[in-house]
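In what follows, a structure is listed as structure tokens, so that the remarks can point back to it.
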Amino acid sequence: MATQAKSVCALDCPDTCALVVDIDAAGRATKLSGDPAHPFTRGFLCAKVTRYLDREYHPERLLYPMRRIGAKGGGRFERVSWDAALDEIATRLQGIAAEHGTESILPYSYAGTMGLLNGAGMDRRFFHRLGASRLDRTICASAGGAALELSQGFRVGMEPQQFAQSKLIIAWGANILGTNVHLWPDIVAARRNGARFYVIDPVKNRTGRLADKHFAIHPGSDLALALGLMNVILRASLEDAEYISAHTNGFEGMRALAAQYPPERVAKLTGIAESDIEELAREYATTKPAAIRVNYGVQRSDRGGSAVRAIAALPVLTGAWRLAGGGLQLTTSGAFEFNHAALERPDLQLVSPLGRSARLVNMSKLGAALTETNNPPLHALVVYNSNPAVIAPDQSKVVKGLLRDDLFTVVLEQLRTDTADYADIVLPVTTFLEHTDIYRSYGHYYVQLARPALRPPGETKSNVEIFRQLAKRMGFADACFDDSEEDMLRSLLRTDSPFFQGITLEELDHRRSIELNLGTGGKPYLPFANGGFRTSSGKFEFGSETLKYTAPAESRYGDADLVSRFPLELISGKNDDSMNSTFGHRTQVDCQTSLLSIHQEDAAKRGITQGMQVKVFNERGACFFQAQINDDVPPGVLRGRSLRWHKHAPQGLGMNHLTGDRLTDIGGGATFFSCLVDVAPAGG
Ligand SMILES: Nc1nc2c(c(=O)[nH]1)N[C@H]1C(S)=C(S)[C@@H](COP(=O)(O)OP(=O)(O)OC[C@H]3O[C@@H](n4cnc5c(=O)[nH]c(N)nc54)[C@H](O)[C@@H]3O)O[C@H]1N2
Ligand SMILES: Nc1nc2c(c(=O)[nH]1)N[C@H]1C(S)=C(S)[C@@H](COP(=O)(O)OP(=O)(O)OC[C@H]3O[C@@H](n4cnc5c(=O)[nH]c(N)nc54)[C@H](O)[C@@H]3O)O[C@H]1N2
Ligand SMILES: [Mo]
């Protein structure tokens, strides 16, 4: 008999959708849809997850443990038993720990699944107990996250449904239709009520095309724009003086800094006309309520952290936080105050051979970590929930590291990714449809639980089970390695946070999705209407002393020598039709990740014509694309869409052969979008 089951989309996306899975009599899923009962999912899915079952049942799904045969990186493997695979891993890790110290072992993971048990659960316990190097997980959101912590003390923002009440919505480096499509209905509702919708983005993507106004800002100059807007607001005395005096610190410094950024100066720094800056500022300050949806695109550049701090100052300056439908959203994740320590057990480091916290290795510098790190050098890498051979910057270095014969690499995966090709041992894992997990969100305030909807195929196991078994193999006797999924869920929910008041595992099992207890009794959640900042001062910290704008070195306005050699800026933003590299197995010729948008002016100068194969290059490497000449980008900017698997790209070269591994100003994040290149016909 056909049935339906509930699940949760585990992909790394702010929307964290509630799913309904149609299952036939043989237990096979026939359809995925958005749960119509979920207040944010509202019964629809994005195009990529609608087709997720192609991936679930892909003929190349990994089903058995495998061991490398032949040369490192050659991608040749033989099937082995789980016992053989786990024994070999344990023996090798023990040997490496004995010879080089436990910190010569590095886990590498990110948000391939957003589930907490499989994303930061038994794995964390395992590596803490082992005394392995700790991974600083900076690849995506750490600059913006750190900025909010410094300014607001707390990574929360507007409830998404409140955007429907806004009268002015600014999507600031936020491709809502591409990466956060479940917010779109609220924007449509607001516009029906007369709201205006503006987009600030160097690229005119689908979201920008649907806006009332699109501001094509120079990449990496958002800090300057925010300072310019503050300049106009303060000059016209449109600030909320009462809110500022009650709830902020450092305002006078901010005023002095903003005074140095009049519109005529900011126009030059940002490429946005003086009159547009003037009007935008006045409109933003006088339209109530006004909302800013800023996404992570803004902070993937050298000055990204400061940019987010300055943007976050705007709703504070105007008191936009006072009203429902006003404020800002970068993330909502800070409200999910689970008992992470009980799940991850950082205390286990004390009983590891190190007896202290292990060193931190920044994941955005993986190439350097594998090829340059000493004391001790890395000798083992365990990868799960991530595909570093594609997604990490400065790929030439990453690949050089992965090719090291004296690096033992284990990869837990669902498909034969590029990273899996470099493994010594590949372990087949379940998908989110096949295991239990619990989910927070970074785009809404619902906590969700998923139980397995489908049977795990072949010999696949979940990350949780694999690390549990590995712990036994390593002789870790601590009781936490016997914990079941239920035990782990209960530990996570053992929290004093008021947000979790009244939320139990039983209730979650029953309802699957529960709104956090935002303490509003059903009224809109206004996190900062009356202050409520969680900085040590309890106030919003303007931090003006750290916010002076200087052009990023890797931009058309930075290092003159570099600019003369590589005059174009490459933005490798998200592809509407994929999820980082998660759908990289698709090789259809229409795959958007092989396209490059270029402006007519830049194309003509280089003899590039429509549809031509082109080579984008800089001092770090090269990558090939098909040119699309259009007005998606202004002159000086190229746009690629991330990310295809290297093995499906010409000469095995991907986007991240071009990007560098410099870190952001705050938070140690990756600077994917501060990237200078040039382009030429591929044949030339
Ligand atoms: N379809 C799809 N959805 C996804 C993903 C995906 O790969 N595909 N990835 C998921 C992940 S991991 C994340 S972190 C989120 C990210 O979601 P977003 O942050 O929305 O995605 P990005 O494409 O990184 O950046 C957003 C926009 O910022 C713009 N941008 C680039 N540089 C600048 C700049 O200097 N200033 C300004 N103002 N804008 C700039 C880009 O052109 C882009 O349109 O999306 C998630 N959702
Ligand atoms: N040039 C450029 N590079 C970028 C970006 C960009 O915009 N431009 N974006 C950056 C950003 S924001 C991010 S977040 C990173 C994302 O980079 P990654 O975190 O590497 O994300 P994905 O490429 O989607 O790969 C996730 C992998 O996890 C696997 N996976 C899923 N579920 C499970 C599971 O339960 N267990 C195990 N073991 N594996 C699982 C999937 O099969 C997939 O291969 O990429 C970064 N790289
Ligand atoms: Mo991300």
*Which residues, taken from segment 448-471, are touching a helix residue (DSSP H, G or I) at 6+ places or on another chain (Cβ under 7 Å) and not in a loop (DSSP other than H, G, I, E, B)?*
Leu449, Asn463, Val464, Phe467, Arg468, Gln469, Leu470, Ala471
*Go through segment 548-562 and give me each residue that's assigned to a loop (DSSP other than H, G, I, E, B) and surrounded by fewer than 23 Cβ atoms within 10 Å (Cβ to Cβ).*
Lys548, Thr550, Ala551, Ala553, Arg556, Tyr557, Gly558, Asp559
*Answer yes or no as to whether Phe44 is aromatic (Phe, Trp, Tyr), part of a loop (DSSP other than H, G, I, E, B), touching an Asp or Glu at 6+ places or on another chain (Cβ under 9 Å) and under 30 Å from Asp186 (Cβ atoms).*
no
*Find the residue count for segment 563-584, including only residues that are part of a loop (DSSP other than H, G, I, E, B) and in contact with a strand residue (DSSP E or B) (Cβ under 9 Å, 6 or more places away or on another chain).*
8
*Phe154 fails exactly one of the following numbered conditions: (1) within 16 Å of ligand 2 (Cβ to nearest atom); (2) part of a loop (DSSP other than H, G, I, E, B). What is the number of that condition?*
(1)
*Complete set of residues in segment 504-542 that are more than 27 Å from the chain's Cα centre (by Cα), farther than 18 Å from Arg155 by Cα and in a loop (DSSP other than H, G, I, E, B)*: Thr504, Thr520, Gly521, Gly522, Lys523
*Is one or more of the residues making up segment 87-105 more than 16 Å from ligand 3 (Cβ to nearest atom), in contact with a strand residue (DSSP E or B) (Cβ under 8 Å, 6 or more places away or on another chain), in contact (Cβ under 8 Å) with a residue 12 or more places away in the chain and under 26 Å from Leu328 (Cα atoms)?*
no
*Hey, does segment 599-612 have a residue that's crowded, with 24+ Cβ neighbours inside 10 Å and either in contact (Cβ under 8 Å) with a residue 60 or more places away in the chain or within 16 Å of ligand 3 (Cβ to nearest atom) (or both)?*
no
*Lone unmet requirement of (1) of a type in the set (Phe, Trp, Tyr); (2) away from ligand 3 (no atom under 16 Å from the Cβ); (3) not assigned by TED's automatic domain parsing to the domain that holds Pro315 for Phe163*: (3)
_Checking the structure you have, find out if any residue of segment 227-236 is under 23 Å from Gly532 (Cβ atoms) and either under 31 Å from the mean Cα position of the chain (by Cα) or part of a helix (DSSP H, G or I) (or both)._
yes
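Conditions (1) surrounded by fewer than 24 Cβ atoms within 10 Å (Cβ to Cβ); (2) in contact with a strand residue (DSSP E or B) (Cβ under 8 Å, 6 or more places away or on another chain); (3) not assigned by TED's automatic domain parsing to the domain that holds Arg511, marked per residue:
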position: Gln395; (1), (2), (3): no, no, no
position: Arg404; (1), (2), (3): yes, no, no
position: Ala423; (1), (2), (3): no, yes, no
position: Ile438; (1), (2), (3): no, yes, no
position: Gly458; (1), (2), (3): yes, yes, no
position: Asn463; (1), (2), (3): no, yes, no
*Confirm whether Asp590 is modelled with pLDDT of 95 or more and over 19 Å from Ser221 (Cβ atoms).*
no
_I'm checking my understanding of the structure. Among residues of segment 626-648 that are more than 21 Å from Thr179 (Cβ to Cβ) and crowded, with 23+ Cβ neighbours inside 10 Å, which one is nearest to ligand 3 (Cβ to nearest atom)?_
His646
*List every residue pair whose Cβ atoms sit under 8 Å apart, with the two residues 6 or more apart in sequence or on different chains, where the first one lies in segment 59-83 and is assigned by TED's automatic domain parsing to the domain that holds Thr409 and the second, anywhere, is surrounded by fewer than 11 Cβ atoms within 10 Å (Cβ to Cβ) and modelled with pLDDT under 95.*
Arg76/Gly70
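The values are calculated or read from the model by the stated rules, or taken from the named source; none is laboratory data. Just so you know, these numbers come straight off a predicted model, no measurement behind them. A quick note on method: Cβ atoms are made from the backbone with ideal geometry, for glycine too, and the neighbour counts reach across all protein chains shown.
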